[in-house]
Amino acid sequence: MNLDIRHTFKKKLTYFSFAVIVLMLLITSCNRKKDRVDIIDKLVGTEVNLGNHLVEMNGNGKPVLKNYDYQIVLYTDSAGCMDCAFDLESWRDLMKQADTTLSKKIDFKFIFHPAAKNQLQSLLIKSNFEYPVYIDYDNHFYKENAVPEDLLLQCFLIDKENKILAVGNPIYRSEVWNYFKTIINGENANKKSSS
């Protein structure tokens, strides 16, 4: 009988522990989402300082678009997995889609603070990425623009005046890309931002 009580107690303790873990994950998830919304709310409407400290890395690619209505600016700190942070194939696909489906001209600006410049060069050559990529050796862009640490929030849709209109990475979330397209095509957007 004593053994049965212990077994029942262990079983209930296991269920309780599991329930506590699930509850903690839910709370953390909700807090993270709220934190993202707060960060986005602070960023939307602020001006992005592109500065003149950026060095174009692959200048033999497509010319930089001078007359555009919007820009998508992606910042990447390549200290981690560069292939993961900068999914070139997905960006290439999205850029081709932008050329064919958007009503206004859009420019893409990829800004790197490289931990390993050679690794970035190798990645660009290997994937035959023909779009301009910029290096920020001293990480001015990150510091001057209060770029969030959250990788999903290091991409901005900005207007001609460099004001942030929306925040989020469109290659990771189709909702973000749909929201960007709504803004660019001049449709009535209900939301202020997207994450």
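Couple of notes before you dig in:
- Sequence-distant contacts, meaning Cα pairs under 8 Å at least 6 residues apart, place the relative contact order of the stretch 99-181 at 19 percent.
- Net +/- balance of residues flanking Y75 in space, Cβ distance below 12 Å, scoring K and R +1, D and E -1: -3
- Listed pairs K42/K160; K42/K117; K42/K104 exceeding 24 Å between Cα atoms: K42/K117; K42/K104
- Mean Cβ count within 10 Å, highest first, over the residues of peptides 103-112, 89-98: 103-112, 89-98
Read the figures in this text as sums done on the coordinates, not as results from a lab. Because the structure is a prediction, the values reported are computed rather than measured. Virtual Cβ from ideal backbone geometry, glycine too; neighbours counted across all protein chains shown.
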